[in-house]
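Right, one structure below, let's go through it.
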Amino acid sequence: MKLVFLDRQTLAPEIELRAPSFEHRWQSYQETVPGQVVSRLQDADIAIVNKVRLDADTLAQLPGLKLVAIAATGSDNVDLNACRRAGIAVCNIRDYSKNSVPEHALALIMALNRSLNAYHASIAAGRWQQAGQFCYFDYPVRDLAGQILGLVGYGTIAQDLEKLALALGMKVMISARKGQPAGPGRFPFDEVLAHADVVSLHCPLTPETRHLIGPREFALMKPDALLINVGRGGLVDEAALLAALEQNQIGGAGFDVVSEEPPSLDNPLMQALHYPNFILTPHVAWASRSAMQRLADQLIDNIEAFVAGRPQNSLV
């Protein structure tokens, strides 16, 4: 079987990808642009992708493809319905970053609550010397204990963030789906936004969740509330976020994801970087070395299981 990894550079160079245990040919490309996808997969049995898009038109030109192994959890770059119609199996990676992403989300929450970036930047600009005393109080410093964390989406990552938050004395509200009635242990979406000190997003990006947070939702939030997004950039209307920061409508935001990655310089989140209460990291919440190695190991496990006739982590 021939395996082709179209975007190997989405894993750090030091991460080891072991050779599959069955007889195979392996072809790896650091990156692949849209016009190269079909030619590179023309004789492939198994396509390995992280962010490369496989749409219906592309898949229709690859009749020999048997498996799409996604080197990530998110599958919005692969047309699952087209795979289903073509008889192409799809698998993804699960629970590999259950420590890395929750810890990154918590780091964003802590940094914003303590105004770490703002104070660091002000010291670099000479503010401490100007203050003339042992400290100064230009930016708010808040304790996590007693704050309410609102979780929108409640998969493994959100559940592990909940454990960390509870250990620090926070209270947790779990949101029902937007527009849906609240079931046991859930609160209405709007109620979570209205009461939470921190709203953290952990949803997949679907047509239903795109722009889940927009002008209406920012208007519902507390004026000092924080918005954390380590899920998908498209969950938030980025222009609305920029406006909310400009108008001091919310207390701040910490994002690890953008609707377009890498973002253009005129993206609203890039424009928001000058605000002391906004932090943007380059989609690295998942990327602790141990998490990436677990991903790589599970990727090969998934492929070997498929070839052995006992597929796992199947999406199609």
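So which residues in the range 76-95 are within 16 Å of the chain's Cα centre (by Cα) and surrounded by fewer than 23 Cβ atoms within 10 Å (Cβ to Cβ)?
Hits for the range 76-95 are 76, 77, 92, 94, 95.
Restricting to the range 207-242, what's the tally of residues that are more than 15 Å from residue 179 (Cα to Cα) and open to solvent by 30 Å² or more (accessible area, probe 1.4 Å)?
So the answer is 8.
Would the range 24-36 turn up any residue that is on the phi > 0 side of the Ramachandran plot and out of contact with any strand residue (DSSP E or B) (no Cβ under 7 Å at 6 or more places or on another chain)?
no
Which of the helices (runs of 4 or more DSSP H) found entirely inside the range 211-316 contain at least 3 residues meeting this: closer than 30 Å to residue 20 by Cβ?
289-307
Out of 280, 265, report the one residue that is at pLDDT 95 or above and farther than 20 Å from residue 99 by Cα.
Only one candidate passes the filter, namely 265.
Residue 248 fails exactly one of the following numbered conditions: (1) open to solvent by 40 Å² or more (accessible area, probe 1.4 Å); (2) over 20 Å from residue 12 (Cβ atoms); (3) within 14 Å of the chain's Cα centre (by Cα). What is the number of that condition?
Single failed check for residue 248: (3).
Counting only residues that are farther than 18 Å from residue 113 by Cβ and either open to solvent by less than 50 Å² (accessible area, probe 1.4 Å) or touching a strand residue (DSSP E or B) at 6+ places or on another chain (Cβ under 6 Å) (or both), how many does the range 164-181 have?
3
Restricting attention to the range 40-52, does a residue exist that is among the small types (Gly, Ala, Ser), free of Cβ contacts under 8 Å to residues at least 60 places away in the same chain, within 30 Å of residue 209 (Cβ to Cβ) and surrounded by fewer than 19 Cβ atoms within 10 Å (Cβ to Cβ)?
Checking the range 40-52: not a single residue is among the small types (Gly, Ala, Ser), free of Cβ contacts under 8 Å to residues at least 60 places away in the same chain, within 30 Å of residue 209 (Cβ to Cβ) and surrounded by fewer than 19 Cβ atoms within 10 Å (Cβ to Cβ).
Among the residues of the range 278-285, is any buried (at least 21 other Cβ atoms within 10 Å of the Cβ) and not β-branched (Val, Ile, Thr)?
yes
So, restricting to strands (runs of 3 or more DSSP E) that lie completely within the range 62-160, which ones have at least 2 residues that are among the hydroxyl-bearing types (Ser, Thr, Tyr) and touching an Asp or Glu at 6+ places or on another chain (Cβ under 8 Å)?
none
Which one of 193, 201 is under 24 Å from residue 287 (Cβ atoms) and open to solvent by less than 10 Å² (accessible area, probe 1.4 Å)?
Exactly one of 193, 201 is under 24 Å from residue 287 (Cβ atoms) and open to solvent by less than 10 Å² (accessible area, probe 1.4 Å), namely 201.
Just the residues that are touching a residue at least 12 places away in the same chain (Cβ under 8 Å) and either open to solvent by 60 Å² or more (accessible area, probe 1.4 Å) or touching a His at 6+ places or on another chain (Cβ under 7 Å) (or both), please, taken from the range 153-162.
153, 154, 155, 157, 158
Please verify whether residue 67 is touching a helix residue (DSSP H, G or I) at 6+ places or on another chain (Cβ under 7 Å) and either at pLDDT 95 or above or hydrophobic (A, V, I, L, M, F, W, C) (or both), treating the condition exactly as stated.
Spelling it out, residue 67 is indeed touching a helix residue (DSSP H, G or I) at 6+ places or on another chain (Cβ under 7 Å) and either at pLDDT 95 or above or hydrophobic (A, V, I, L, M, F, W, C) (or both).
β-branched (Val, Ile, Thr), at pLDDT 95 or above and open to solvent by 10 Å² or more (accessible area, probe 1.4 Å): which single residue out of 73, 10 fits that description?
Testing whether each residue is β-branched (Val, Ile, Thr), at pLDDT 95 or above and open to solvent by 10 Å² or more (accessible area, probe 1.4 Å) leaves just 10.
The values are calculated or read from the model by the stated rules, or taken from the named source; none is laboratory data. Predicted model, so just to flag it, every value in this text is computed and none were measured. All Cβ positions, even for glycine, are placed from backbone atoms using ideal geometry, and neighbour counts span all protein chains on display. Heads up: the accessible areas ignore ligands, DNA and RNA and are worked out on the full protein's heavy atoms, side chains in. Shrake-Rupley method; radii C 1.70, N 1.55, O 1.52, S 1.80 Å.
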